[in-house]
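Inspection log for the structure reproduced underneath, given as structure tokens.
The values are calculated or read from the model by the stated rules, or taken from the named source; none is laboratory data. Remember, predicted model here, so these are calculated numbers, not experimental data. Cβ coordinates were reconstructed from backbone atoms using ideal geometry, including for glycine residues, and neighbour counts include every protein chain displayed. Accessible surface is based on the protein model in full, side chains and every heavy atom, while ligands, DNA and RNA are left aside. Shrake-Rupley method; radii C 1.70, N 1.55, O 1.52, S 1.80 Å.
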Amino acid sequence: MHYYLLDPQGLSLADFERKQASLLALTHEFNISGEVGRLSTIRSIEDLVYAAEKRQVSTLVVCGTDDTFNRVLGALGKRRFVIGFVPLTEDSQIAKLLGIDSLASAVKVLAARRITLVDTAKIGTLDFFSYLEFGVVDDLFGKKSWLNIFSQKKIHIIARINNQYLVSGE
């Protein structure tokens, strides 16, 4: 059974509702419909992942942005799901990595049940699998000068490669 976690972040309400309707129609057409959980101010990603676990779903489908996908990875903890991704925005780097160019192509991939094991990494509390950028980021460092950037606290980095090698460092 599929559990669709929908995140309206980055979309106008009208655009989100249109894409949600298209997604539900396509999943019905391809016979992969399932329960839908919508992220809101009262339902967090952690709540929706917990709900999917309690319902013993086999596939958790993240519908939203790259940020949504990475936040779901962080919320999984030790839980084991097959994860799918349906990008709801045009600028998704994860969709490009997965070869998804539209909502329809994402649903076709889900229907074909193409499953592959991918490596993930964790830096501090951030889980990710797509890419990581190092540099000056206002959200991370605030308004600091270049000289103060290298005096930041150490961040522990863990990367698992091919589910065999574990790289760890600071």
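Laid out as a table, the results:
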item	result
The range 19-61: C-alpha gyration tensor shape, a/c 1.5 cut-off, then a/b vs b/c	oblate
For the range 1-102: rounded, prolate or oblate by the Cα gyration tensor [a/c cutoff 1.5]	rounded
Dimensions in Å of the range 42-116 - Rg and Dmax from alpha carbons	12.3, 34
Fraction of accessible area attributable to carbon and sulfur, the range 49-93 (%, probe 1.4 Å)	42
In the range 21-98, chymotrypsin sites (Phe, Trp or Tyr not before Pro) in a DSSP loop with at most 15 other beta-carbon atoms within 10 Å	Phe30
Separation in nanometres of the label points that stand 7 Å from Cα toward Cβ, at Thr89 and Ile42	2.7
